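**Student:** Have a look at the structure that comes next, please.
The values are calculated or read from the model by the stated rules, or taken from the named source; none is laboratory data. Not measured: the values here are computed from a predicted model. All Cβ positions, glycine included, derive from the backbone under ideal geometry; neighbour counts span all protein chains shown.
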Amino acid sequence: MTQRQILQAFEQYQQSRMQFVQTVAELANRPQNIQTLQNAGVMSLLRPLLLDVVPSIQQTAALALGRLANYSDDLAEAVVKGDVLPQLVSSLASQNRFYKKAAAFVLRAVAKHSPELAGAVVTSGGVDALVLCLEEFDPGVKEAAVWALGYIARHNAQLAQAVVDAGAIPLLVLSVQEPEMALKRIAASTLSDIAKHTPELAHTVVDAGAIAHLAQMILNPDAKLKRQVLSALSQISKHSISLAEMVVEAEIFPAALACLRDPDEYVRKNAATLMREVVKHTPELSQLIVNCGGVAAVVDYLSDSRGNVRLPGIMMLGYVAAHTETLAMAVIVSKGVPQLALCLSEEPEDHIKAATAWAVGQVGRHSPEHARAVATANLLPKLLALYMDANRSEDLQVKCKKALKAVLQKCTYLPALEPLLYDAPSNILKHVVCQFSKVLPHDSKARRLFVTSGGLKKVLEVKVEPGSALQEHINTINGCYPEEIIRYYSPGYSEVLLARVESYQPGA
């Protein structure tokens, strides 16, 4: 056999291996092929090819493994059980940039499925190897490593801490400043995934100087970057007053308000979420956002949004209103109540209705003036109807009941209360009647209207337990009228009169 024939055999072997990994990588891109590949034992065939002498075969084998692992947790589990991770991790330090990208993709594909699988990546030394990749010159390698670190960190605080302990944070903050847009986006996303778990992790992100760099990118024209930047600032702000203050001190307002009008739905939602996370902490932080026109901007945002995108805006108004009478009045002045009424009517999902009911309660619970704003928006019958609807979620019913009670206890606007006399169950009715018993003794015009509208007749028809709070309120109302009026409107009085007519003897 000639030398040429011998070399040809090696070439054929190399070509066959190359063709095999390329075909598998291509097939692994289509979900319908995955089961067949798995049944054919593809994992055990790909593993030795990760150590192949030909770099392009190594890279393509890693790419194929990544695609398989990305498909399902079962296949990711198979990668872990096949002892592939230590091989990948050890070669991350020594191989070329193409292999590093493919290897980081496999680690990311394994880590994304569950905390357990992400933990396997950590145990294999994957985090340290990925952090080393963040110091690479090639932006594609950095991006692949940041993706993988983000997928590890997002699961829980312990895994996020492992990423922090490996020294990732300063390098992630540097990655946010890189010119490549894709790297900026994923670095901001990973900082968000780390900051979200605990105040301590959020502080680690802040201490590395992340806020200033994130704040500069709020008005970047790239929508996907803005999404991640706003998300990261939200996750930092949510934990404590001091963290929220640090975010605000980076002068993100009023710039962030412009994002509420962004064409991208997720930019708008994340901007509203950031505002919600800031205002919930203190009246001072709420006032700061009110002063920049934040409440009016959120009301406009709600009018242009639908579904879950509305939720953070609804809750933002609720948190602002919850703090003080003045802040609740700012929501009313900005026409927040009619907008909340629309959300309550338009949104089909119970959890959005529940948040809206809660927000309405926060607006109306402060004073008669606040309660009147809620009542004149016709919200009381809506809340009552939702509370009494057995098909609604328990959470929605509870929120509606609490909101109703909070508003009713302040409401002195009787025309809005009267319809509730006819529909409310006794546990709500006592609050309605209580308000009448407070107002009627001091308002002669209201007393007259209460009779002519049929309100008094309705109250006298209510069946009550002797000695109950409801009975006391009714007695107070009765005390506002002459005895003959009370007798006239009491149930059964017409029969008494008719009986007297029958027994009456003319001229007797």
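Here is a yes/no grid of residues against (1) within 19 Å of residue 105 (Cα to Cα); (2) at pLDDT 95 or above; (3) surrounded by 20 or more Cβ atoms within 10 Å (Cβ to Cβ):
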position	(1), (2), (3)
167	no, no, no
188	yes, yes, yes
200	no, yes, no
210	no, no, yes
220	no, no, no
232	no, yes, yes
235	no, yes, yes
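**Student:** A further question on this structure: Within the set of pairs 6+ apart or on separate chains, which have a first residue in the range 448-475 that is closer than 14 Å to residue 489 by Cα, a second that is loosely packed, with under 12 Cβ neighbours inside 10 Å and modelled with pLDDT under 75, and C-beta atoms under 9 Å apart?
**Tutor:** Close Cβ pairs (under 9 Å, with a partner that is loosely packed, with under 12 Cβ neighbours inside 10 Å and modelled with pLDDT under 75) amount to 457/491; 460/491; 461/491.
**Student:** What residue, among those in the range 239-250 that are free of Cβ contacts under 8 Å to residues at least 40 places away in the same chain and surrounded by 15 or more Cβ atoms within 10 Å (Cβ to Cβ), is nearest to residue 277 (Cα to Cα)? So that I can check it myself, show each step before the final result.
**Tutor:** At the first step, the residues of the range 239-250 found to be free of Cβ contacts under 8 Å to residues at least 40 places away in the same chain are 242, 247, 249-250.
Then drop every residue that is not surrounded by 15 or more Cβ atoms within 10 Å (Cβ to Cβ), which leaves 247, 250.
On the way: 247: 11, 250: 15 Å.
Checked the range 239-250; the qualifying residue nearest to residue 277 (Cα to Cα) is 247.
**Student:** Here's something else I'd like to know. Could you say which residue among 314, 289 is touching a helix residue (DSSP H, G or I) at 6+ places or on another chain (Cβ under 7 Å), part of a helix (DSSP H, G or I), closer than 19 Å to residue 237 by Cα and without any contact (Cβ under 8 Å) to a residue 40 or more places away in the chain?
**Tutor:** Values: 314 fails: without any contact (Cβ under 8 Å) to a residue 40 or more places away in the chain.
Every option except 289 fails the conditions.
**Student:** Being at pLDDT below 80 and surrounded by fewer than 19 Cβ atoms within 10 Å (Cβ to Cβ), is that true of even one residue in the range 424-443?
**Tutor:** yes
**Student:** Under 9 Å between Cβ atoms, which residue pairs at least 6 apart in sequence (or on different chains) link something in the range 343-367 that is free of Cβ contacts under 8 Å to residues at least 24 places away in the same chain with a partner that is in a helix (DSSP H, G or I) and surrounded by fewer than 23 Cβ atoms within 10 Å (Cβ to Cβ)?
**Tutor:** So the pair list comes out as 348/307.
**Student:** Something else: So which residues in the range 94-114 are part of a loop (DSSP other than H, G, I, E, B) and either farther than 17 Å from residue 52 by Cβ or touching a residue at least 40 places away in the same chain (Cβ under 8 Å) (or both), if there are any at all?
**Tutor:** Keep residues of the range 94-114 that are part of a loop (DSSP other than H, G, I, E, B), which gives 94-96, 112-114.
Answer for the range 94-114, where residues must be part of a loop (DSSP other than H, G, I, E, B) and either farther than 17 Å from residue 52 by Cβ or touching a residue at least 40 places away in the same chain (Cβ under 8 Å) (or both): 95, 96, 112, 113, 114.
**Student:** If you don't mind, another one. For a quick check of your reading of the model, give me the residue pairs whose first member lies in the range 126-153 and is closer than 13 Å to residue 182 by Cβ and surrounded by fewer than 17 Cβ atoms within 10 Å (Cβ to Cβ), whose second is modelled with pLDDT of 95 or more and acidic (Asp, Glu), with beta-carbon atoms closer than 8 Å and at least 6 apart or on different chains.
**Tutor:** Listed by first residue and then by second, the contacts come to nothing, as the list is empty.
**Student:** What is the number of the single condition among (1) surrounded by fewer than 24 Cβ atoms within 10 Å (Cβ to Cβ); (2) part of a helix (DSSP H, G or I) that residue 253 does not meet?
**Tutor:** Looking at each condition in turn, residue 253 falls short on (2).
**Student:** Taking helices (runs of 4 or more DSSP H) that fall entirely within the range 30-93, which contain at least 2 residues that are of a type in the set (Val, Ile, Thr) and in contact (Cβ under 8 Å) with a residue 24 or more places away in the chain?
**Tutor:** Numbers: elements: 31-39, 42-46, 55-71, 73-81, 84-92.
Filter on the range 30-93 gives 55-71, 73-81, 84-92.
To keep it simple, each residue is scored yes or no on (1) under 19 Å from residue 114 (Cβ atoms); (2) among the basic types (Lys, Arg); (3) surrounded by 23 or more Cβ atoms within 10 Å (Cβ to Cβ); (4) not assigned by TED's automatic domain parsing to the domain that holds residue 113.
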{"site": "53", "(1), (2), (3), (4)": "no, no, no, no"}
{"site": "56", "(1), (2), (3), (4)": "no, no, no, no"}
{"site": "61", "(1), (2), (3), (4)": "no, no, yes, no"}
{"site": "69", "(1), (2), (3), (4)": "yes, no, yes, no"}
{"site": "73", "(1), (2), (3), (4)": "yes, no, no, no"}
{"site": "77", "(1), (2), (3), (4)": "yes, no, no, no"}
{"site": "81", "(1), (2), (3), (4)": "yes, yes, no, no"}
{"site": "94", "(1), (2), (3), (4)": "no, no, no, no"}
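**Student:** Among the numbered criteria (1) under 27 Å from residue 323 (Cα atoms); (2) in contact with a helix residue (DSSP H, G or I) (Cβ under 6 Å, 6 or more places away or on another chain), which one does residue 433 miss?
**Tutor:** (1)
**Student:** So how many residues does the range 351-373 have that are under 15 Å from residue 320 (Cβ atoms) and either part of a helix (DSSP H, G or I) or modelled with pLDDT of 95 or more (or both)?
**Tutor:** 11
**Student:** Within the range 238-245, is even one residue within 25 Å of residue 306 (Cβ to Cβ) and assigned to a helix (DSSP H, G or I)? Show your work before the answer.
**Tutor:** To start, the set of residues in the range 238-245 that are within 25 Å of residue 306 (Cβ to Cβ) comprises 238.
Cutting the leftovers down to assigned to a helix (DSSP H, G or I) gives us none.
No, the range 238-245 contains no residue that is within 25 Å of residue 306 (Cβ to Cβ) and assigned to a helix (DSSP H, G or I).
**Student:** Which of the residues that make up the range 1-18 are loosely packed, with under 12 Cβ neighbours inside 10 Å and part of a helix (DSSP H, G or I)? It would help to see each step written out before you state the result.
**Tutor:** Taking the range 1-18 as the starting set, the residues that turn out to be loosely packed, with under 12 Cβ neighbours inside 10 Å are 1-7, 9-13, 15-16.
Across the range 1-18, the qualifying residues are 3, 4, 5, 6, 7, 9, 10, 11, 12, 13, 15, 16.
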